[in-house]
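Report on one structure; see the data block that follows.
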Amino acid sequence: MPSGSDTTAAAARGTAPDGVVPSVANGDRRPGRVRRLAALARREAPRTALAAVAGLALGLAFPPYGLWPLSLVAVAALSLLTRGRRARQGAWTGFAFGLPFFLVLLKWLHVVGWDAVAGLSVAEALFVVLLGAGLALTSRLPGRPVWAACLWVAQEWARDRLPFGGFPWGRLAFANTGSPFTPLAALGGAPLVTFAVALAGALLAGCAVALWRMRRGGGPRALVRTLEAFGLAAAVSLAGLAVPVPTKADDTVRIAVVQGNVQQPGMDFLGRPMKILDNHATATEKLADDVRHHRVPKPDLVIWPENSSDLDPFQYPQAYDRIEEAVQAIGVPVLVGALVDHPTKPGYVFNEGIVWDPKTGPGASYTKQHPVPFGEYVPFREQLSKIITRFQRVPRDFYPGDHTGLLKVGPARLGDVICFEVAYDEIVHDTVRAGARALVIQTNNATYGRTGQPEQQLAMSKLRAVEHGRAVVTAATSGISAVVAPDGTVTHQIPEFTQGVVSARIPLRDETTLADRIGAAPEWLLAIVGLLSCGAAVIAGRRRRTKDEKGQQ
C-alpha cells in the first residue's frame, strides 16, 4: 500500500499513485482522456497531413492552374487514406482533405473577406466528410473503385443542391474540361465525367496497393493485379477519346461580343452611375464605325454582358436613351444585361438579359432563375443583417425568373444563361431542350477580377459546349469574354480588364447529344448506387461482427 505522502504527492501531480485506481465518481477523467486524445492526434497526424496535401493537389487541378492530372492523384490519395478505416476515421480524413481543397479553389472570394472564404470552405468540406466516411465503409467491399466513384457523384449531387439551391463549384468534371475525360460529357454530362475521373483515380489507388503487396513478396498474383488495375485505369482515362463529339453546323450566325470594361476590380467595380453602360455603348459605336468603314464585317447580332447597364433603363431615361443610341448605331439586335426593378415588389430586382431591337426597342427578356445566396439575395435578411453588417452591402434582393432563357436574337435562337447558372446542370440542360441552337453566358466577373474565378467559369463553359454540342459565347463586363466551339475549343478571347470586341461566326445546331436526351438520369442512378453501397457495407460489417462473436463463444 502507498504511504500518505505518496498519495499526496501523486494528487499534486494530477496522477494516481501505483496501486491506486482513481474514483470515477470523485476523480477527474480529463488527464486520461487528454492522454488518449494526444496519442490519437500523434497517430493520425501523418495521415491527416497527407490528406491535406492531397486536397491542395486537387485545388491545383482546377483553373487558373489547370493541372488536371492532379485530380486523379488526389482521388487516389483519398481512396488510399480511407482504405480499411472506420467511418468516423474516414470522415476526419475527408475533412482534412476537403478544407484545404476548397480554401485553394475558393480563394477568389477573399475580395468579400477571408472569413467568407473560410466559412464557405468549411461548409463545402462537410460534404467531403460524408464522402470520406462512405469511402471508408465501402473500402472492404468487392469492386471498391466503382463504389468510390459513385460516392464522388453522390457527394457532388448533394453539394449541387444543398443548402439554398447548392453550390456546384469544385466538381471533378470542372477540372477536366481539356482532358481525355472531357468527351464523356456528350454522353452523360458532368456527372459521367466526374464518375470516370473518380473511377480512374480509385483504380490507381488499387494499383498502388497491388504494387506495395508485390514489393512485400506477393509473387505473380500481385503482379497480375497490379497490371489489371493499371490497365483498367488507363482504359477508363482514355475511353473519352473514343466518344464522337458532334460539331457539324446546321447554320451559322455572325456575332459580336462587347466587353466594355469597368473602372476598377473588386466590390466597388460599378464606379460612377452610367460609367459601365457608357463603356459598352462606346465600344459598340466604335464597332459600328469599323463596320461602316469595312474594317470588320457587320454582325447579325451583338451581345453585351450581365449588368452592362448599371441603371434600370425603364426607370432612368438617360440609360434607355444611351442603349438606344448604341443599338441604332450598330443597326442589329443587341442582347443587353440590366438590373430591372420588380414592378410590384419594392426592394426586389430582376437580373435580366433583354433583346433590344433597332426598330422596335426592348422586347423579349430572360430573368436569372438562380440568384446567388448572400451575394444577390440574403436569406433571413432581417436576422442576419443585425449580426453580419456586411450583408447591408446587398441592399436589394434579386427576384428569380420562372422560365428558361430561350430568346430570338436577330436570326438566331439563343439560350441565355446568366453568370453562375452555367455551373448548374439543369438550367443549361433545360435551355438547350427548349430549342437553343447556341448558348450565351452573360456574366459580370469584375468583383473577382484577376483572382482565378473567371478562368474557373470559362472552364465550365468549355464543358457545357461539349456536353450539349453547342457553341458557347461568354460575354463578361471585364473579362474573360470568349467564344467556345462545340468541341470545347476556345476560338476567341479578350483578356481581363481590356475593352474590346470579339467578332466571330458561330455554328447553330439543332441536333441534341445523348446527354441532352437522358438529362439527370445518370447522376441520380450513380448517386443512388453510391448510397446503396454504403448500406451494403454497413450490413456486411454487422454480419462479420456477428460471425466473429459466435466464433468466440
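The values are calculated or read from the model by the stated rules, or taken from the named source; none is laboratory data. The model shown is predicted, which means the values in this text are computed figures rather than measured ones. When we count neighbours, we look across all protein chains shown, and the Cβ atoms used for this are built from the backbone with ideal geometry, even at glycine. Keep in mind that these areas ignore ligands, DNA and RNA; they rest on the heavy atoms of the full protein, side chains included. Shrake-Rupley method; radii C 1.70, N 1.55, O 1.52, S 1.80 Å.
Tabulated data
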{"read-out": "Selected residue [farther than 30 Å from Val327 by Cα, more than 19 Å from the chain's Cα centre (by Cα) and either charged (D, E, K, R) or surrounded by fewer than 24 Cβ atoms within 10 Å (Cβ to Cβ) (or both)] from Ala249, Ala233, Ala205", "value": "Ala233"}
{"read-out": "Val258 farther than 16 Å from Pro358 by Cα, touching a Phe, Trp or Tyr at 6+ places or on another chain (Cβ under 7 Å) and at pLDDT 95 or above", "value": "yes"}
{"read-out": "Lone qualifier among Ala208, Ala198 - being assigned to a helix (DSSP H, G or I) and modelled with pLDDT of 95 or more", "value": "Ala198"}
{"read-out": "Number of positions in the range 501-518 that are among the aliphatic types (A, V, I, L, M) and closer than 30 Å to Asp290 by Cβ", "value": "5"}
{"read-out": "Every pair of residues 6+ apart whose Cβ atoms lie under 8 Å, when the first sits in the range 293-306 and is closer than 18 Å to Gly479 by Cβ while the second is of a type in the set (A, V, I, L, M, F, W, C) and assigned to a loop (DSSP other than H, G, I, E, B)", "value": "Val302/Val332"}
{"read-out": "Test: residue in the range 219-227 that is open to solvent by less than 20 Å² (accessible area, probe 1.4 Å), within 27 Å of the chain's Cα centre (by Cα) and not aliphatic (A, V, I, L, M)", "value": "no"}
{"read-out": "From Gly363, Gly331, Gly347, residue being at pLDDT below 95, in contact with a Pro (Cβ under 9 Å, 6 or more places away or on another chain) and not hydroxyl-bearing (Ser, Thr, Tyr)", "value": "Gly347"}
{"read-out": "Test result for Ser385, among the hydroxyl-bearing types (Ser, Thr, Tyr) and more than 16 Å from Val417 (Cα to Cα)", "value": "yes"}
{"read-out": "Of all residues making up the range 91-108, the number that are in contact (Cβ under 8 Å) with a residue 60 or more places away in the chain, of a type in the set (A, V, I, L, M) and assigned to a helix (DSSP H, G or I)", "value": "1"}
{"read-out": "Looking only at the range 159-195, and only at residues there that are more than 23 Å from Pro63 (Cα to Cα) and aliphatic (A, V, I, L, M), the one that is modelled with the lowest pLDDT", "value": "Leu162"}
{"read-out": "Total residues in the range 98-118, condition in contact with a Leu (Cβ under 8 Å, 6 or more places away or on another chain), over 22 Å from Thr177 (Cβ atoms) and surrounded by 18 or more Cβ atoms within 10 Å (Cβ to Cβ)", "value": "2"}
{"read-out": "Members of the range 61-79 found to be small (Gly, Ala, Ser) and in contact with a Gly (Cβ under 6 Å, 6 or more places away or on another chain), listed by number", "value": "Ala76"}
{"read-out": "Meets criteria (surrounded by 21 or more Cβ atoms within 10 Å (Cβ to Cβ) and either in contact with a helix residue (DSSP H, G or I) (Cβ under 8 Å, 6 or more places away or on another chain) or basic (Lys, Arg) (or both)) for Val417", "value": "yes"}
{"read-out": "Residues located in the range 351-366, provided they are more than 15 Å from Thr431 (Cβ to Cβ), surrounded by 15 or more Cβ atoms within 10 Å (Cβ to Cβ) and either in contact with an Asp or Glu (Cβ under 6 Å, 6 or more places away or on another chain) or among the polar types (S, T, N, Q) (or both)", "value": "Asn351"}
{"read-out": "Residue check for His403: without any contact (Cβ under 8 Å) to a residue 40 or more places away in the chain, closer than 30 Å to Asp510 by Cβ and of a type outside the set (Ser, Thr, Tyr)", "value": "yes"}
{"read-out": "Output for the range 176-200, where each listed residue is open to solvent by less than 10 Å² (accessible area, probe 1.4 Å) and of a type in the set (A, V, I, L, M)", "value": "Ala185, Ala186, Ala190, Val193, Ala196, Val197, Ala198, Ala200"}
{"read-out": "Residue in the range 406-419 that is part of a helix (DSSP H, G or I) and out of contact with any strand residue (DSSP E or B) (no Cβ under 6 Å at 6 or more places or on another chain) present", "value": "no"}
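Yes/no matrix, rows are residues, columns are (1) in a loop (DSSP other than H, G, I, E, B); (2) buried (at least 22 other Cβ atoms within 10 Å of the Cβ):
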residue: Ala76; (1), (2): no, yes
residue: Gln89; (1), (2): no, no
residue: Pro142; (1), (2): yes, no
residue: Ala149; (1), (2): no, yes
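One line per residue, one yes/no per condition, for (1) within 12 Å of Ser365 (Cα to Cα); (2) out of contact with any Pro (no Cβ under 8 Å at 6 or more places or on another chain); (3) of a type in the set (D, E, K, R):
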position: His403; (1), (2), (3): yes, yes, no
position: Lys408; (1), (2), (3): yes, yes, yes
position: Pro411; (1), (2), (3): no, yes, no
position: Leu414; (1), (2), (3): yes, yes, no
position: Glu421; (1), (2), (3): no, yes, yes
position: Glu426; (1), (2), (3): no, yes, yes
position: Ala436; (1), (2), (3): no, yes, no
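The rows are residues; the columns are (1) in contact with a Ser or Thr (Cβ under 9 Å, 6 or more places away or on another chain); (2) open to solvent by 40 Å² or more (accessible area, probe 1.4 Å); (3) free of Cβ contacts under 8 Å to residues at least 60 places away in the same chain.
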| residue | (1), (2), (3) |
| --- | --- |
| Val372 | no, no, yes |
| Glu376 | no, no, yes |
| Phe380 | no, yes, yes |
| Phe391 | yes, no, yes |
